[in-house]
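Visitor: Structure below; questions to follow.
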RNA sequence: UCCCCGGUAGCUCAAUGGUGGAGCAUUCGGCUGUUAACCGAAGGGUUGCUAGUUCGAAUCUAGCCCGGGGAGCCA
């Protein structure tokens with residue numbers, strides 16, 4: 001592509017174009033769609049920042065008209081024209097096109113596959129690399145970026161240092177879920193991390209308050225709208241922190257992320273038709289109930305739950321529907337939580353754990369709690385969970401050398417963003433979703 | 001791994017066991033304010049695969065393949 005900077009008109013983005021009404025600008029992008037009406041063409045351009053309608057009249061711009069007429073969807077173009085206020089145009093502005101440079105013309109023999117109409121999920125996921133060009137998908141990805149930025153800002157402001165846990169790990173962090181095994185160098189086996197949890201504990205003992213924010217992998221055969229095999233998790237961990245500290249941090253983090261998106265991505269939220277009012281209500285403190293009370297709520301709702309049962313998706317939905325904000329459920333039975341979870345000294349059958357359940361049935365977005373600090377108890381738990389002790393020697397070192405109370409949690413980015421966006425499925429909120437039976441494109 | 005639903009034109013979907021259709025997309029024609037524009041015409045099919053029942057199967061049966069949703073498990 002040739003450099004077009006020699007054009008006398010300023011190159012601008014569609015997002016910025018409205019501010020230059022009355023002026024002439026150049027936009028570099030793609031032809032999103034085109035409507036024709038006799039001797040008038042209404043091309044709609046997109047450039048990644050938005051879409052803008054153009055107008056070309058045969059009478060006034062015969063050369064541009066001829067070049068544009070019949071140009072297939074998604075052909076790349078550099079267009080020049082005058083920006084003007086136009087109530088009839090979507091967005092309120094339109095571009096009176098006076099110049100057109102076609103960078104690449106999509107061949108007529110193989111037209112762009114994605115139309116401006118509904119498609120099936122399978123079709124779209126097979127063409128995810130093109131699907132992300134549609135305004136809705138682009139808006140969701142911008143909201144994701146805002147959520148990530150806001151999350152980092154909040155953690156940094158709370159005095160947490162961002163660190164990074166390894167992707168290759170020698171063994172499971174938690175014995176329960178399935179791991180992706182990879183061939184490491186010279187016949188060694190390694191696994192893709194399912195959580196940075198253990199490593200972030202070591203980093204907390206080194207740096208005090210830390211968090212990681214990166215991809216994690218779970219080879220679970222889960223086929224639901226809430227699951228991905230590769231997803232991003234933000235995992236804070238703080239030395240000398242207790243359960244209550246983490247619940248408050250989680251409330252602050254989630255509300256800060258939601259408020260930032262509501263404030264800074266209003267255009268995108270409007271485009272995907274998400275009710276901002278529901279988001280503005282997300283301010284701390286969030287409702288909290290104990291696991292004990294959660295069981296009672298379920299029983300009152302006519303659900304045959306009994307103490308000791310795990311809370312599945314249906315149960316979470318029943319509880320979350322009682323509130324219009326995320327709800328914190330804390331102190332689950334020790335038996336149903338990971339081996340490293342600390343127990344409640346007042347009631348040893350309970351763990352100092354908590355989950356945060358998003359409203360509207362989006363499920364668990366946070367899981368965490370206080371960690372076991374005692375060496376002997378931790379060794380007992382490793383054995384009880386049938387975990388290979390030799391792989392955890394470095395982790396046990398954290399209890400040998402200056403063990404302290406410490407706590408943390410994991411926040412699932414995609415579930416959080418899916419809830420904020422109100423998307424049907426979690427796969428829409430990550431650029432290239434990795435799911436059961438789907439690793440293409 | 002288990003349970004439920006689906007697979008028909010490029011896409012979204014119709015079609016009582018009796019000649020496989022529509023809208024959109026594509027190509028051609030028309031239209032000076034369109035809003036997934038509209039109007040007219042044309043091309044486009046091994047009905048997921050295999051076997052079976054039947055005079056006759058997109059339709060009924062069995063097996064397999066692929067996809068979706070859910071359970072379990074989890075963020």
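The values are calculated or read from the model by the stated rules, or taken from the named source; none is laboratory data. This structure is a prediction, so every number in the text was calculated from the model and none was measured. We place every Cβ from the backbone using ideal geometry, glycine too, and count neighbours over all the protein chains shown.
Visitor: State yes or no: is residue A:49 touching a residue at least 24 places away in the same chain (Cβ under 8 Å), surrounded by fewer than 20 Cβ atoms within 10 Å (Cβ to Cβ) and either in contact with a helix residue (DSSP H, G or I) (Cβ under 7 Å, 6 or more places away or on another chain) or not assigned by TED's automatic domain parsing to the domain that holds residue A:75 (or both)?
Guide: Yes; evaluated as a whole, the condition is true for this residue.
Visitor: Given the structure, is residue A:142 at pLDDT 90 or above, in a loop (DSSP other than H, G, I, E, B), within 25 Å of residue A:414 (Cβ to Cβ) and more than 9 Å from RNA strand B (Cβ to nearest atom)?
Guide: no
Visitor: Right, next: Residues that are in contact with a helix residue (DSSP H, G or I) (Cβ under 8 Å, 6 or more places away or on another chain), buried (at least 19 other Cβ atoms within 10 Å of the Cβ) and part of a helix (DSSP H, G or I): does the stretch A:323-344 have at least one?
Guide: Within the stretch A:323-344 (the criterion being in contact with a helix residue (DSSP H, G or I) (Cβ under 8 Å, 6 or more places away or on another chain), buried (at least 19 other Cβ atoms within 10 Å of the Cβ) and part of a helix (DSSP H, G or I)), the answer is no, since none of the residues qualifies.
Visitor: Any residue in the stretch A:130-150 that is closer than 30 Å to residue A:399 by Cα and free of Cβ contacts under 8 Å to residues at least 12 places away in the same chain?
Guide: no
Visitor: Sticking with this structure for a sec: Name the residue, out of A:390, A:414, A:424, that is more than 21 Å from residue A:218 (Cα to Cα) and either assigned to a helix (DSSP H, G or I) or in contact with a helix residue (DSSP H, G or I) (Cβ under 6 Å, 6 or more places away or on another chain) (or both).
Guide: Of the residues listed, the single one that is more than 21 Å from residue A:218 (Cα to Cα) and either assigned to a helix (DSSP H, G or I) or in contact with a helix residue (DSSP H, G or I) (Cβ under 6 Å, 6 or more places away or on another chain) (or both) is A:390.
Visitor: Consider only pairs whose beta carbons are under 7 Å apart and that are at least six residues apart or on different chains; among these, list those whose first residue lies in the stretch A:57-81 and is farther than 17 Å from residue A:37 by Cα and whose second residue is in a loop (DSSP other than H, G, I, E, B) and away from RNA strand B (no atom under 13 Å from the Cβ).
Guide: Here the result reads A:78/A:4; A:80/A:7; A:80/A:9, each pair linking the stretch A:57-81 to a residue that is in a loop (DSSP other than H, G, I, E, B) and away from RNA strand B (no atom under 13 Å from the Cβ).
Visitor: Continuing with this model, one more query. Taking into account only those residues within the stretch A:100-123 that are closer than 30 Å to residue A:62 by Cβ and touching a helix residue (DSSP H, G or I) at 6+ places or on another chain (Cβ under 7 Å), which is nearest to RNA strand B (Cβ to nearest atom)?
Guide: It comes out as A:102.
Visitor: Tell me which of these residue A:410 doesn't satisfy, since it passes every other one: (1) more than 26 Å from residue A:207 (Cβ to Cβ); (2) in contact (Cβ under 8 Å) with a residue 24 or more places away in the chain.
Guide: Failed condition: (1).
Visitor: Check A:96, A:91 and return the single one that is over 29 Å from residue A:214 (Cβ atoms), touching a strand residue (DSSP E or B) at 6+ places or on another chain (Cβ under 8 Å), assigned to a loop (DSSP other than H, G, I, E, B) and within 14 Å of RNA strand B (Cβ to nearest atom).
Guide: When all the criteria are applied, what remains is A:91.
Visitor: Among the listed residues A:284, A:304, which satisfies the condition of being free of Cβ contacts under 8 Å to residues at least 12 places away in the same chain, outside any helix (DSSP H, G or I) and in the same structural domain as residue A:421 (by TED's automatic domain parsing)?
Guide: When all the criteria are applied, what remains is A:304.
Visitor: Continuing with this model, one more query. If I filter the stretch A:24-37 for residues that are surrounded by 13 or more Cβ atoms within 10 Å (Cβ to Cβ), farther than 28 Å from residue A:131 by Cα and within 15 Å of RNA strand B (Cβ to nearest atom), do I get at least one hit?
Guide: no
Visitor: Going residue by residue through the stretch A:281-295, is there one that turns out to be more than 20 Å from residue A:247 (Cα to Cα) and loosely packed, with under 15 Cβ neighbours inside 10 Å?
Guide: no
Visitor: Determine whether residue A:171 is more than 26 Å from residue A:329 (Cα to Cα) and assigned to a loop (DSSP other than H, G, I, E, B).
Guide: So residue A:171 passes the test.
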